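I have placed the structure first, in the form of structure tokens, so that the comments after it can refer back to it.
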Amino acid sequence: MESFPTALFCSDPLHCPHPPVGGDDALVFDRCFDCPDFWQNVRDLSQRPEGGEVSGLASALLYAQHRIEEINYRLQVNDREFEFLRDVGIFLQGSVGRDEVIVMALTAITAGKGYGLNRAILLLVDDSREYLNGYLAVGPRTAAEGWQIWNEIVERDESLEEMARRFLAEKLTDEQERFRELLESLSIPLNRQDHLFVSTLESRQSVHISQPWNEPGLDPQQVELLGTSELVLVPLLSGSRRIGILLADNIVTGAPISENDLHRLETFALPVSYAIERAALYERLRQELSNLTEAHQRLSAQQEVIVRMEKLALIGEMSADIAHRIRNPLTIIGGYARRLLKGELSDEQRLGLEVILRQSELIGETTSHLLAETDSQHPPRDRWNLGKTIAAALLLHAEKMKIQGISCTFEPPENEVIALFDLKKISYCLKIIIDRCLEALPSGGALEIELNRGETEISVSFSFDAGALLVDEEGAAARQPRDIELALVMRMLKQQGGQIVREKRPDGGATYRVILPDNKENEHG
């Protein structure tokens, strides 16, 4: 075996410009592996014409160095990709906004700190599950535009999250408009089983297309607008649910997309799919919560109105009773005063009677004003939601139904029943009718309430399993002091143009239908 002269590897080991890490006693080879002269000498050895073991060993060293450089590069790439995936994963886990998730994902695919592809396009399945719509594209359209964008990224030296947030705040709307024609062209119905996008979703497998113009599953117009010679399609799936498709290409640089690039995109697509689905579910939940909160607020306001109307009704009844009690003696007093004034009286007597008459008239006017003010506390007729009025009336009886063990079912129609009626009077009527139905079920039972709208009328049905029936004739009701309320209900309904109809049931129970005229006010509400 040939000897290894030290001079071939280092001209002066003791005065090397690359000092050893371990000190002066370190081996020459440890000291010289980072020296450019060392590797130049190795290359010279590998090219010696006589060959031999030294030449072969030098070639092996050069090949090992090349492999080490490749491994180091791959390690750097893996470290960068690991850091990139960690940052993106943290962002996706903490984000509940769909646009935030989408922008971060597409930025990660196209940014040099991420996967470094030129362009990424996202197609999403719509809420009705009927169309695959182009939602957003990120990337340059020309080489000049690409270099401008990449130079700007280098100058800013932003992290992926910073780039995504700046894109979301400043460029999202502009990018959607810039790629609007392309995004609209890529949108297709999901029933097109012959199209490549749909088949990719159905197969749940990624597709790598090297010549899009020869792909029968793509429309020629789509291929022309895409304008790329190579394209990858990655389905976005969340369990069995189809989220959309991710398209990526190198439209500017034309660099080939490797199988490794495709595998990395497939790995990245999984957390992106879950993040998009989670953001959509969060938005749906937030909307449902908002609707429930709004409905609860409306119901609470309606209940407050009904309670207030009941109080006003009680005040009105008290005012009417007081007015009746005051007016009767005032009428008698005034009548006697007028009769006495027609006779012969002294001036002092006449003056006293006139004072009595004026004061009685003044009290009568004050009583009339009081009644008028009580009646004007709420507009007599307005547009109201009858379904919510019924629900509010039921709330007033919830405790009583719970104590008596009565179950009540009421489902308002899908389309709100808005009609013109006197809320105070109708609320009072519903309260009394529900109260009488509960009295007919002292030992518990079931009460079914149904609201229906016909062509010319609105009906509210009260059905219960009991033989005891409500007294529904005003004359018969008026004969019993307890039924004065029911007589008042019928009178109020009559004033609203409505009525109560009784229907006996074969099982011995009863159904009472409150019928009101339909004024079609909901068409204008």
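Yes/no per residue for (1) at pLDDT below 80; (2) of a type in the set (Val, Ile, Thr); (3) in contact with a Lys or Arg (Cβ under 8 Å, 6 or more places away or on another chain):
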| site | (1), (2), (3) |
| --- | --- |
| Met309 | yes, no, yes |
| Ala320 | yes, no, no |
| Arg325 | yes, no, no |
| Ile333 | no, yes, no |
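Residues being open to solvent by less than 80 Å² (accessible area, probe 1.4 Å) and either hydroxyl-bearing (Ser, Thr, Tyr) or closer than 20 Å to Ser238 by Cα (or both): count how many of those fall in the range 282-297.
2
Quick one: which residue in Val272, Val234, Val207, Val223 is of a type in the set (Val, Ile, Thr) and in contact with a Pro (Cβ under 7 Å, 6 or more places away or on another chain)? Can you show your working first?
Details: Val272 fails: in contact with a Pro (Cβ under 7 Å, 6 or more places away or on another chain); Val234 fails: in contact with a Pro (Cβ under 7 Å, 6 or more places away or on another chain); Val207 fails: in contact with a Pro (Cβ under 7 Å, 6 or more places away or on another chain).
Every option except Val223 fails the conditions.
I'm told Ala275 meets every condition in (1) under 22 Å from Glu202 (Cα atoms); (2) in contact with a strand residue (DSSP E or B) (Cβ under 8 Å, 6 or more places away or on another chain); (3) open to solvent by less than 70 Å² (accessible area, probe 1.4 Å) except one. Can you identify the failing condition by its number?
All conditions pass for Ala275, except number (2).
Among the residues of the range 216-246 satisfying the criterion of being open to solvent by less than 50 Å² (accessible area, probe 1.4 Å) and more than 21 Å from Ile109 (Cα to Cα), which is modelled with the lowest pLDDT?
Step by step, filter the range 216-246, then rank; the result is Gly239.
Specify the residue that is surrounded by the most Cβ atoms within 10 Å (Cβ to Cβ); the eligible residues are those in the range 131-180 that are of a type in the set (Val, Ile, Thr) and modelled with pLDDT under 75. Write out each step before concluding.
Looking only at the range 131-180, we keep the residues that are of a type in the set (Val, Ile, Thr), and these are 138, 142, 149, 153-154, 173.
Restricting the remaining residues to those that are modelled with pLDDT under 75 gives 142, 149, 153-154.
On the way: Thr142: 10, Ile149: 17, Ile153: 15, Val154: 10.
Checked the range 131-180; the qualifying residue surrounded by the most Cβ atoms within 10 Å (Cβ to Cβ) is Ile149.
So how many residues does the range 82-103 have that are modelled with pLDDT under 80 and among the aliphatic types (A, V, I, L, M)?
Result for the range 82-103: 5.
It is to be established whether one or more residues within the range 276-287 are in contact (Cβ under 8 Å) with a residue 12 or more places away in the chain, small (Gly, Ala, Ser) and farther than 30 Å from Asn385 by Cα.
At the first step, the residues of the range 276-287 found to be in contact (Cβ under 8 Å) with a residue 12 or more places away in the chain are 276-280, 282-283.
Filter again for small (Gly, Ala, Ser), leaving 279-280.
From what is left, the residues that are farther than 30 Å from Asn385 by Cα are 279-280.
Scanning the range 276-287, I find at least one residue that is in contact (Cβ under 8 Å) with a residue 12 or more places away in the chain, small (Gly, Ala, Ser) and farther than 30 Å from Asn385 by Cα, so the answer is yes.
Filter the range 235-276 for residues that are among the β-branched types (Val, Ile, Thr) and under 27 Å from the mean Cα position of the chain (by Cα) and give the result.
Ile243, Ile245, Val272, Ile276
Search the range 497-511 for residues that are closer than 20 Å to Leu438 by Cβ and open to solvent by 50 Å² or more (accessible area, probe 1.4 Å) and pair each with any residue that is hydroxyl-bearing (Ser, Thr, Tyr) and modelled with pLDDT of 85 or more when their beta-carbon atoms are under 7 Å apart and the residues are at least 6 apart or on different chains.
So the pair list comes out as Arg502/Tyr512; Glu503/Thr511; Arg505/Thr511.
Would you mind stating whether Leu470 is touching a helix residue (DSSP H, G or I) at 6+ places or on another chain (Cβ under 6 Å) and either at pLDDT 75 or above or on the phi > 0 side of the Ramachandran plot (or both)? Full working, then the answer.
On the way: touching a helix residue (DSSP H, G or I) at 6+ places or on another chain (Cβ under 6 Å): yes; either at pLDDT 75 or above or on the phi > 0 side of the Ramachandran plot (or both): no.
So Leu470 fails the test.
How many residues does the range 402-434 hold that are open to solvent by 20 Å² or more (accessible area, probe 1.4 Å), outside any loop (DSSP other than H, G, I, E, B) and modelled with pLDDT of 85 or more? Spell out the reasoning first.
Within the range 402-434, the subset open to solvent by 20 Å² or more (accessible area, probe 1.4 Å) is 402-405, 407-416, 418, 420, 424-425, 428, 431.
Next, only the ones that are outside any loop (DSSP other than H, G, I, E, B) stay: 402-404, 407-410, 418, 420, 424-425, 428, 431.
Filter once more, so that each one left must be modelled with pLDDT of 85 or more: 402-404, 407-410, 418, 431.
Residues in the range 402-434 being open to solvent by 20 Å² or more (accessible area, probe 1.4 Å), outside any loop (DSSP other than H, G, I, E, B) and modelled with pLDDT of 85 or more: 9 in total.
Of the conditions (1) open to solvent by 10 Å² or more (accessible area, probe 1.4 Å); (2) in contact (Cβ under 8 Å) with a residue 12 or more places away in the chain; (3) part of a helix (DSSP H, G or I); (4) more than 22 Å from Ser300 (Cβ to Cβ), Leu438 clears all except one; give me its number.
(1)
Return yes when Thr389 is hydroxyl-bearing (Ser, Thr, Tyr), buried (at least 19 other Cβ atoms within 10 Å of the Cβ) and at pLDDT 85 or above and no when it is not. First the steps, then the outcome.
Working: hydroxyl-bearing (Ser, Thr, Tyr): yes; buried (at least 19 other Cβ atoms within 10 Å of the Cβ): yes; at pLDDT 85 or above: yes.
So Thr389 passes the test.
Check the range 229-244 and report whether any residue there is within 17 Å of Ile102 (Cα to Cα) and β-branched (Val, Ile, Thr). Quick ask: steps written out before the conclusion?
Filtering the range 229-244 for residues within 17 Å of Ile102 (Cα to Cα) gives 233-238, 242-244.
Within this subset, residues satisfying the condition of being β-branched (Val, Ile, Thr) are 234, 243.
Yes; the residues of the range 229-244 include at least one that is within 17 Å of Ile102 (Cα to Cα) and β-branched (Val, Ile, Thr).
The values are calculated or read from the model by the stated rules, or taken from the named source; none is laboratory data. This structure is a prediction, so every number in the text was calculated from the model and none was measured. Virtual Cβ from ideal backbone geometry, glycine too; neighbours counted across all protein chains shown. Remember, those area values only see protein heavy atoms, side chains included, never the ligands or the DNA or RNA. Shrake-Rupley method; radii C 1.70, N 1.55, O 1.52, S 1.80 Å.
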